[in-house]
Each structure stands twice: as structure tokens, then as C-alpha cells.
1. When region B:1-27 is examined, which residues are found to be of a type in the set (Val, Ile, Thr) and either more than 10 Å from DNA strand C (Cβ to nearest atom) or modelled with pLDDT under 90 (or both)?
2. Among the numbered criteria (1) surrounded by fewer than 17 Cβ atoms within 10 Å (Cβ to Cβ); (2) away from DNA strand D (no atom under 16 Å from the Cβ); (3) modelled with pLDDT of 95 or more, which single criterion is violated by B:Ser45?
3. Out of the residues in region B:60-81 that are among the small types (Gly, Ala, Ser) and either touching an Asp or Glu at 6+ places or on another chain (Cβ under 6 Å) or touching a residue at least 40 places away in the same chain (Cβ under 8 Å) (or both), state the one that is farthest from DNA strand D (Cβ to nearest atom).
4. Scan region B:15-40 residue by residue and report those that are in contact (Cβ under 8 Å) with a residue 24 or more places away in the chain, more than 14 Å from chain A (Cβ to nearest Cβ) and either aromatic (Phe, Trp, Tyr) or near DNA strand D (Cβ under 10 Å from one of its atoms) (or both).
5. Kindly provide the set of residues from region A:54-74 that are of a type in the set (S, T, N, Q) and more than 11 Å from DNA strand C (Cβ to nearest atom), ordered by number.
6. What about A:Asp79, is it at pLDDT 90 or above, surrounded by fewer than 18 Cβ atoms within 10 Å (Cβ to Cβ) and charged (D, E, K, R)?
2 protein chains.
Amino acid sequence: MLNDLHQRKRSRQREKILEVVKSTKIHPTADWVFHEVRKEMPNISLATVYRNLNQLVESKDISEVLSDGQLHFDANKDDHFHFICRSCNGIFDIEEKRVESPDFKLPRGYKVESVKMDFYGVCPNCQAKE
Amino acid sequence: MLNDLHQRKRSRQREKILEVVKSTKIHPTADWVFHEVRKEMPNISLATVYRNLNQLVESKDISEVLSDGQLHFDANKDDHFHFICRSCNGIFDIEEKRVESPDFKLPRGYKVESVKMDFYGVCPNCQAKE
DNA sequence: CTATGTGCAAAGTGTTTGCAAATTT
DNA sequence: AAATTTGCAAACACTTTGCACATAG
């Protein structure tokens, strides 16, 4: 495992992986990224994808979202929450400023450093189909 | 996999498992429950623990909490959120009514059915130690 | 008696790691 | 040249499944 004492060298692979994650809003899994990157780098291995996704999380270029017990990745660096559709399983970004009342006060004693909020329901697209 | 068409028969194992989950506030993993139940039922298998925890989730006697990429189980049936301490990794229940402003409005079109909110930070106990 | 539940071992899924060769600085 | 990164395969951690026997209703 890499830690902060190591230097980081660039690699074509990591740059491509970041590019791929940035290119989509679907909050892809490692496996999706792997297949996507493979189209242009047929020899890349899944291990490399995992290693680089982890590094990119560590360097805060991307973040992780847990859904379905799987890790999904997100290159959107603005503060936001997620809406998870129970019909299509899609993960949608909800900008923080579009959520009314996102200020919380917890019971005394708990020092809150961050809040993770996920909304579950049916997305506009799936509602239209129902 | 069991579905709703099946009858459910009682089993000593399932009852013990529920009792164990109810006995603690630590939001245990399947493995913790397994070892705990094993103290009184030395022959129980981990598979049985998993199967029954899943059934208990299905019957809404308990719920799942995802943390550290592992499933934790929670017998607290009141609406509540979780506070996850980055120091001791403990999961603490925060009653919904103790959270100010837990009413959200999302952008038009998203039909919200539930909200999952996790707070991250340092719990009172760990702050005292720092 | 029949259906569900159990224990065991094996399989599954998603992710990480050890290593020698390749690449980056 | 020295250190990091890669691809591969093997290992890992957690969870689920197939099956023959046991148990509940």
C-alpha cells in the first residue's frame, strides 16, 4: 500500500482511468472502468484499475460511493448528495444547495466532520415509465 | 432464497440470533453474532447466521448498516441516523428527533421514499481521550 | 408427512497483494 | 540508477449456495 511518504509517478494508465471516471455521470464500478479503459489499453489489468482508483481516492481526485454493497466512483468534486433509484438503480447527484435544510445540529458531544446523505426513491425518468 | 410464498418455521437458531442482535448496541457484524451465538450453540454454522440475519432483515426485525464495506446489523427499529467515529470506528445511534432540520426538499421530480444519513466525526468518548 | 431449517464444504463476488518485468523521474 | 507502476496469478475477506440430514408444524 502506498502512503504519503512515497513519491507518486505519473502513468498513462492512471491518467486514462481518471479521464474515464470524469467522462461519465453514472458513478461507475471498478469493473466498468476496467472495461472502458480496456477499449484503448487492451493489456491493462483489473488490479491496476483498482490500485489507481484507490490512489485517486486518496489524492481526492475522485470519491467512493457505496451502493449495492459495491464501490462506485465519482469524479464530481462539488459537495453533493446522492439519490438512488430503486427502479433503475441509478445514482444521481443532487447538488447540496438544491437540498433545503441541509444544516444539522447533533446532540452535544458529537463532533461532526462530515455528513453523508443518500436519498432513496424513484427518479424522474422511472416515474414517467410507471 | 426464501420468498414471501414460503411459510416460515421457527428455529432455535433464529431466535437466538435475534436475541443476540437485540442484546447489543454495537451494531455487530455477522461474524460477531456468529461467535456470540456459538458460546451457547457450539455447532451453529456461519452460513446459518448469515441466512437468518438475511431473513430477519427481510422480516424487518433488524436492519443493515453498511460501514467499512462490511454489513453491520441493528435491532433498533426507531427511526434514527448513525454517527460513525473515525477514531474508534464505533457506530452510534442518533435518534431522528434529536437531529435539527431533518426535513428535506429535493429538486422537483425525485420521489423520495427514505433518507439515509450518516454523520462522521469523533464521538464524545474519543474526544475526551484526545 | 411435507416443507423449512441446519451444518458442512464448496463456490461466488469484489478487492487486494506478491513478484518480476516495465516505466517514470 | 532508483523508485514507482504494471500485469499476472494467487490470495483474501465476506457472503451465498448445494446438498443430505434434522426439525418444526
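1. B:Val20, B:Val21, B:Thr24, B:Ile26
2. Result: B:Ser45 passes all but (2).
3. Just the residues of region B:60-81 that are among the small types (Gly, Ala, Ser), to begin with: B:63, B:67, B:69, B:75.
Now restrict to residues that are either touching an Asp or Glu at 6+ places or on another chain (Cβ under 6 Å) or touching a residue at least 40 places away in the same chain (Cβ under 8 Å) (or both): B:63, B:67, B:75.
Details: B:Ser63: 14, B:Ser67: 10, B:Ala75: 16 Å.
Per the criteria, the residue is B:Ala75.
4. Listed by number, the list holds a single entry, B:Val33.
5. Filtering region A:54-74 down to residues of a type in the set (S, T, N, Q) leaves A:54-55, A:59, A:63, A:67, A:70.
Within region A:54-74, A:Ser59, A:Ser63 meet the criteria.
6. Values: at pLDDT 90 or above: no; surrounded by fewer than 18 Cβ atoms within 10 Å (Cβ to Cβ): yes; charged (D, E, K, R): yes.
No, not satisfied.
The values are calculated or read from the model by the stated rules, or taken from the named source; none is laboratory data. Remember, it's a predicted structure, so these values are computed and weren't measured experimentally. Backbone-built Cβ (ideal geometry, glycine too); neighbour counts: all protein chains shown.
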